[in-house]
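The values are calculated or read from the model by the stated rules, or taken from the named source; none is laboratory data. Remember, it's a predicted structure, so these values are computed and weren't measured experimentally. Glycine also receives a Cβ, built like all others from the backbone with ideal geometry; neighbour counts cover every protein chain displayed.
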Amino acid sequence: MSSKSSSPIRIGEINYTNVWPVFYHFCPEQLRINVETTHQVPAQLNQAMLEGRIDLGPISSFAYGASWEKYVLFPDLSVSAFGPVRSILLFLKKPLEEVLHGTIALTNTSATSVNLLKIIIEKFYGGSPTYLVMDPSLPEMMEQADAALLIGDHAIRADWQHTDYEVMDLGERWNAFTGEWMTFAVWAVSRQVTENYPEEMRSILRAFHDSRERIKQDVEPIVRKATIEIGGTPTYWRRYFGGLCHDFGQSQQNGLELYFRYCKELGLIDKEVEICIWSDNTVTQVKE
């Protein structure tokens with residue numbers, strides 16, 4: 001181990017099932033690397049990364065775009081979908097044409113999905129609603145709004161429990177309008193950490209990739225885990241995990257570049273975003 005300090009490398013983990021394929025078989029103890037793991041919702045991890053309280057982990061794609069100069073991305077790791085994602089859902093209690101100029105409650109646990117919704121509503125549909133940011137409780141959100149955005153396991157459970165609402169899948173809508181992938185989260189690393197701990201970064205990256213590949217070969221361990229911990233049926237979870245992609249190839253990067261371009265057009269991000277990928281202690285800038 002080539003650590004320059006005895007301080008642990010601090011890894012963030014999203015508290016949602018969508019990252020399980022990358023983390024399920026990830027055992028840093030076997031790497032003999034001093035690490036700490038923190039479990040939080042995306043918005044909390046985004047803030048922790050920005051403030052330097054964690055060193056690496058999956059963060060919202062939007063959070064990367066807003067502060068991309070501080071980070072590099074682990075290669076070939078993301079949470080992406082080409083079409084329905086089944087856990088980024090807008091619940092509507094009124095017809096869409098009324099919601100477009102009504103009130104939408106936004107979960108306070110997200111960054112990427114909140115701004116993806118604004119792109120869909122404002123750019124694709126020409127809407128101009130009022131937004132409220134709230135805790136992710138669908139009944140309380142619907143008391144104050146015409147529609148409500150939930151993400152992750154909150155969205156999955158709400159979709160099971162509240163079948164009377166019309167539901168818009170944001171991954172499906174993005175794909176229908178653009179024909180592109182949507183990347184919801186990326187694995188970001190502090191630039192300083194990659195410089196100080198290159199060998200540890202290589203080991204951690206290999207372990208993440210190994211976990212993902214093992215789940216590709218056999219998804220049943222996380223299907224069982226989700227059925228026990230979240231509910232639902234094995235069939236549901238096989239379909240859910242089958243709709244997610246944890247690679248980050250050129251197709252996913254192209255979709256993310258378009259997302260950032262639209263964010264800038266709408267004033268959600270005030271600068272051009274560069275996708276900078278770390279590999280073997282070098283950084284590659286992805287060109288459009």
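Structure data summary
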| quantity | calculated |
| --- | --- |
| Qualifying residue in segment 245-255 (condition: under 20 Å from GLU69 (Cα atoms), touching a residue at least 40 places away in the same chain (Cβ under 8 Å), of a type outside the set (Gly, Ala, Ser) and out of contact with any strand residue (DSSP E or B) (no Cβ under 8 Å at 6 or more places or on another chain)) | yes |
| Number of positions in segment 24-61 that are at pLDDT below 90, more than 19 Å from the chain's Cα centre (by Cα) and not in a loop (DSSP other than H, G, I, E, B) | 4 |
| So THR163, is it more than 29 Å from LYS264 (Cβ to Cβ), free of Cβ contacts under 8 Å to residues at least 40 places away in the same chain and of a type in the set (Val, Ile, Thr) | yes |
| Residue within segment 173-182 that is of a type in the set (D, E, K, R), crowded, with 20+ Cβ neighbours inside 10 Å and modelled with pLDDT of 95 or more present | yes |
| First in segment 72-84 and among the polar types (S, T, N, Q), second anywhere and assigned to a strand (DSSP E or B), Cβ under 7 Å, 6 or more apart | SER78/THR183; SER78/ALA185; SER78/VAL186; SER80/MET182; SER80/THR183; SER80/PHE184; SER80/CYS245 |
| Elements of type helices (runs of 4 or more DSSP H) contained in segment 103-218, each with 1 or more residues being hydroxyl-bearing (Ser, Thr, Tyr) | 112-118, 170-178, 191-196, 198-217 |
| Within segment 241-254, tally of residues that are in contact with a helix residue (DSSP H, G or I) (Cβ under 9 Å, 6 or more places away or on another chain) and surrounded by fewer than 22 Cβ atoms within 10 Å (Cβ to Cβ) | 5 |
| Matching entry among TYR236, TYR262, TYR240 (being free of Cβ contacts under 8 Å to residues at least 60 places away in the same chain, closer than 23 Å to ARG173 by Cβ and not assigned by TED's automatic domain parsing to the domain that holds TRP174) | TYR236 |
| Residue check, TYR165 in contact with a Lys or Arg (Cβ under 9 Å, 6 or more places away or on another chain), among the hydroxyl-bearing types (Ser, Thr, Tyr) and at pLDDT below 95 | no |
| Out of LEU73, LEU132, LEU138, LEU106, sole residue that is over 25 Å from GLY255 (Cβ atoms) and surrounded by 20 or more Cβ atoms within 10 Å (Cβ to Cβ) | LEU138 |
| Test set (1) acidic (Asp, Glu); (2) within 24 Å of THR38 (Cβ to Cβ); (3) in contact with a strand residue (DSSP E or B) (Cβ under 8 Å, 6 or more places away or on another chain) - GLU69 fails condition number | (3) |
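Residues checked against (1) out of contact with any His (no Cβ under 9 Å at 6 or more places or on another chain); (2) at pLDDT below 95; (3) crowded, with 24+ Cβ neighbours inside 10 Å:
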residue: SER78; (1), (2), (3): no, no, yes
residue: ALA81; (1), (2), (3): yes, no, yes
residue: PRO84; (1), (2), (3): yes, no, no
residue: GLY102; (1), (2), (3): yes, no, no
